[in-house]
Amino acid sequence: MGIKIREFVEPLQAEILVRGGMESEEVEGGYCGDLLSDCIAHAEENSVWVTVQSHPNVVAVATLVGIRCIIVTNSQEVQEQTLEKAREQKITLLRTSLSSFETVAILSRLGVPGKKRRVVR
Amino acid sequence: MPEENPLVEMEREIVGGDFQRAGDVSSELKNILQQAGFPAPFNRRVVIASYEAEMNVVIHAYRGIFRVQIYSDRVHIEVDDEGPGIPDLELAFQEGYSTAPPHIREMGFGAGYGLSNMKKCSDRLHIDTRVEEGTRVIMDFFLPSFMKG
Ligand SMILES: Nc1ncnc2c1ncn2[C@@H]1O[C@H](COP(=O)(O)OP(=O)(O)OP(=O)(O)O)[C@@H](O)[C@H]1O
Ligand SMILES: [Mg+2]
């Protein structure tokens, strides 16, 4: 029931910044947000994360949550350290000129459900 | 309860303002917990709380020491920092309250959810803080008894 990460690239006209496991990996859901304490508390494992944030700590949060793919929206500039961290952690990093809203709309059309962790424990 | 020796102990330095390495200590802890075979939901809440405590040192303090002890049925974390301290703890715990400056907020920090995430995720949270000296955060996490080997 997962959706293949590589299927995101064309519809989002995304640049592939870091491939990570995109050839074979799938996601089960998605989360969107730019506040790190919000994402770490509410995103689910094996998700795609849509955000305008692009600094290295985004990869740290993704690693801790178990996020498979980060999509940086609005063509935000991505620091070299962010790329390095994503390569190390084998997390797919995509970038699109679309807004977060437009990106989520497309992911939704591709069948990616929104997933939110409702109970902290 | 007899004092049992920890299975794993770890001690790491955290450097205030170092956003490149911020989160690395919590990632390392996550790997250790996974290798120790604890259940994923337990690891998740330990790691959320650990990340928030680590980031608070990076964002708000000058430097800190992160210590963790992992036992067969619980995890104990202490994060001790040199920093400005927290003048009003009750206020600091309110969701949305943050003193993070604008350039930090632009990075997506400073939502004011860190301390409340720590409280929700831990089974015991204790904070000692002295203004202009520093802050010590102590957290305990207990494995549900039916999960113990
Ligand atoms: N270790 C610390 N040293 C000094 N002040 C702290 C420390 N931890 C928290 N504070 C104070 O408490 C406030 C609330 O902390 P909290 O972690 O809830 O939010 P935040 O760090 O501002 O934002 P977020 O955690 O959502 O990124 C902080 O803005 C800061 O004023
Ligand atoms: Mg915080």
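The values are calculated or read from the model by the stated rules, or taken from the named source; none is laboratory data. The model shown is predicted, which means the values in this text are computed figures rather than measured ones. FYI the Cβ positions are ideal-geometry reconstructions off the backbone, even for glycines, and counts take in every protein chain you see. To get the accessible areas, we keep the full protein, side chains included, count just its heavy atoms, and leave off ligands, DNA and RNA. Shrake-Rupley method; radii C 1.70, N 1.55, O 1.52, S 1.80 Å.
Taking residue B:13, is it touching a residue at least 12 places away in the same chain (Cβ under 8 Å), open to solvent by 20 Å² or more (accessible area, probe 1.4 Å) and more than 22 Å from residue B:123 (Cβ to Cβ)? Here the answer is yes, as residue B:13 does meet what is asked. Being polar (S, T, N, Q) and open to solvent by 50 Å² or more (accessible area, probe 1.4 Å) narrows it down to one of B:129, B:99, so name that one. The conditions single out B:99.
Condition check ((1) of a type outside the set (D, E, K, R); (2) buried (at least 16 other Cβ atoms within 10 Å of the Cβ)) across all residues:
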position: A:18; (1), (2): yes, yes
position: A:46; (1), (2): yes, yes
position: A:60; (1), (2): yes, yes
position: A:66; (1), (2): yes, yes
position: A:71; (1), (2): yes, yes
position: A:80; (1), (2): no, no
position: A:85; (1), (2): no, yes
position: A:92; (1), (2): yes, yes
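Quick check on this structure: which one of B:83, B:110, B:64 is small (Gly, Ala, Ser) and either more than 16 Å from ligand 2 (Cβ to nearest atom) or closer than 27 Å to residue B:5 by Cα (or both)? Even if it seems obvious, please write down each step before you answer.
Working: B:83 fails: either more than 16 Å from ligand 2 (Cβ to nearest atom) or closer than 27 Å to residue B:5 by Cα (or both); B:110 fails: either more than 16 Å from ligand 2 (Cβ to nearest atom) or closer than 27 Å to residue B:5 by Cα (or both).
Result of the check over B:83, B:110, B:64: B:64.
Please determine whether any residue of the range B:76-86 is near ligand 1 (Cβ under 9 Å from one of its atoms), open to solvent by less than 60 Å² (accessible area, probe 1.4 Å) and of a type in the set (Val, Ile, Thr). Don't jump to the end; show me each part of the working.
The first filter runs over the range B:76-86 and keeps only residues near ligand 1 (Cβ under 9 Å from one of its atoms), leaving B:79, B:81, B:83-86.
So of that shortlist, the ones also open to solvent by less than 60 Å² (accessible area, probe 1.4 Å) come out as B:79, B:81, B:83-86.
Add one more test, that the residue is of a type in the set (Val, Ile, Thr), and what stays is B:79, B:86.
Yes.
Restricting attention to the range A:94-119 and to residues that are buried (at least 16 other Cβ atoms within 10 Å of the Cβ) and within 22 Å of residue B:43 (Cβ to Cβ), the residue that is nearest to the chain's Cα centre (by Cα) turns out to be A:115. Taking the criterion of being touching a residue at least 24 places away in the same chain (Cβ under 8 Å) and closer than 22 Å to residue B:96 by Cβ, the residues of the range A:35-54 that qualify are A:36, A:39, A:40, A:41, A:42, A:43, A:51, A:52. Of all positions in the range B:102-121, none carries a residue that is in a loop (DSSP other than H, G, I, E, B), near ligand 1 (Cβ under 9 Å from one of its atoms) and away from every other protein chain (no Cβ under 14 Å).
Could you tell me whether residue B:58 is within 12 Å of another protein chain (Cβ to nearest Cβ) and either modelled with pLDDT of 95 or more or more than 13 Å from ligand 2 (Cβ to nearest atom) (or both)? Taking the combined requirement at face value, the residue satisfies it. Taking every residue in the range A:1-17 that is over 15 Å from residue A:47 (Cβ atoms) and pairing it with any residue that is part of a loop (DSSP other than H, G, I, E, B) and among the hydroxyl-bearing types (Ser, Thr, Tyr), at least 6 positions away or on another chain, the pairs with Cβ-Cβ distances below 6 Å are A:12/A:96; A:14/A:96.
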